[in-house]
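One structure is given below, encoded as structure tokens.
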Ligand SMILES: [Zn+2]
């Protein structure tokens, strides 16, 4: 099964390299095609707009963003203007943890632009100390009002955990997903990576476990959640439709 998992992961790694290598080119194209910002265009959050936003409004903003993406009507942006507007400070309204998968570029599928969200991406959207620390930075130090954990269908990392794949440092990463396998009821059969329904059940269980772990493992975030200063949102992205099914 190792070769199956590698096939899922390698394109992502290659994509990252290509994106890094083509970064300058992308900037030139952006410069050539960007249109002036019109009234009503999306703009990055400001200190004032971030402070005024409630956790529930942040939830609504992410839900509405995915609706716009799915309906093919993303908001127009002037990304270079946004770069300039955010150069001296950032006031994102949410921290989003999602998978490394190249098919889930989280800002795109949530129709968010530069300065809108802190994005933490790691295979299988697993929670480890550095991600938790990043969430604490995003919320406690930088004022974000929401933590969102977004898993997805047909996840290669989840399949790897189910298949007990062992590969270098990936072995430890996949071990973080394994507790989710036991959370899926026994009547979901067969319990293999070939059963995509089972794979998606495990992926959702993993998202739910991560949500619990955020509360359990971070006294900083737990206190903010208990005081209603931040919210917690979860969802599953469907690779075949682009839609996120949210659950809180
Ligand atoms: Zn994945």
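Would you say residue 235 is touching a strand residue (DSSP E or B) at 6+ places or on another chain (Cβ under 7 Å), surrounded by 14 or more Cβ atoms within 10 Å (Cβ to Cβ) and not in a helix (DSSP H, G or I)? So residue 235 fits the description; yes. Scanning the range 58-68 for residues that are surrounded by fewer than 19 Cβ atoms within 10 Å (Cβ to Cβ) and closer than 18 Å to residue 238 by Cβ turns up 63, 64, 67, 68. Taking each residue of the range 104-119 that is under 17 Å from residue 153 (Cα atoms) and looking for partners that are in a helix (DSSP H, G or I) with beta-carbon atoms closer than 6 Å, six or more apart or interchain, yields 109/69; 110/62; 110/65; 110/66.
In the range 181-194, the condition of being in contact (Cβ under 8 Å) with a residue 12 or more places away in the chain, within 16 Å of the ligand (Cβ to nearest atom) and out of contact with any strand residue (DSSP E or B) (no Cβ under 6 Å at 6 or more places or on another chain) is met by at least one residue.
Of the numbered criteria (1) part of a helix (DSSP H, G or I); (2) modelled with pLDDT under 95; (3) surrounded by fewer than 18 Cβ atoms within 10 Å (Cβ to Cβ), the one residue 38 fails is (1). Across the range 124-134, the number of residues qualifying as surrounded by 15 or more Cβ atoms within 10 Å (Cβ to Cβ) and either closer than 19 Å to residue 57 by Cβ or within 16 Å of the ligand (Cβ to nearest atom) (or both) comes to 5. Only one entry of 179, 190 meets the criterion of being farther than 25 Å from residue 65 by Cα and surrounded by 11 or more Cβ atoms within 10 Å (Cβ to Cβ), and that entry is 179. Just a yes or no: is a residue in the range 213-232 in contact (Cβ under 8 Å) with a residue 24 or more places away in the chain, part of a strand (DSSP E or B) and touching a helix residue (DSSP H, G or I) at 6+ places or on another chain (Cβ under 9 Å)? The answer is yes, given that some residue of the range 213-232 is in contact (Cβ under 8 Å) with a residue 24 or more places away in the chain, part of a strand (DSSP E or B) and touching a helix residue (DSSP H, G or I) at 6+ places or on another chain (Cβ under 9 Å). Which of the residues that make up the range 108-124 are over 10 Å from the mean Cα position of the chain (by Cα) and under 22 Å from residue 176 (Cα atoms)? Selection gives 123, 124. Here residue 232 qualifies as away from the ligand (no atom under 16 Å from the Cβ), under 22 Å from the mean Cα position of the chain (by Cα) and under 29 Å from residue 142 (Cβ atoms).
Being away from the ligand (no atom under 12 Å from the Cβ) and in a loop (DSSP other than H, G, I, E, B) is the filter; apply it to the range 92-106 and report the residue that is farthest from residue 204 (Cα to Cα). That would be 92.
Among the residues of the range 137-166, those that are away from the ligand (no atom under 14 Å from the Cβ) and crowded, with 18+ Cβ neighbours inside 10 Å comprise 138, 139, 143, 144, 145, 146, 147, 148. There is at least one residue in the range 69-91 that is under 16 Å from the mean Cα position of the chain (by Cα), more than 16 Å from the ligand (Cβ to nearest atom) and more than 19 Å from residue 207 (Cα to Cα).
The values are calculated or read from the model by the stated rules, or taken from the named source; none is laboratory data. This is a predicted model, so every value here is computed, not measured. Here the Cβ is made from the backbone with ideal geometry for all residues, glycine too, and neighbour counts use every protein chain on show.
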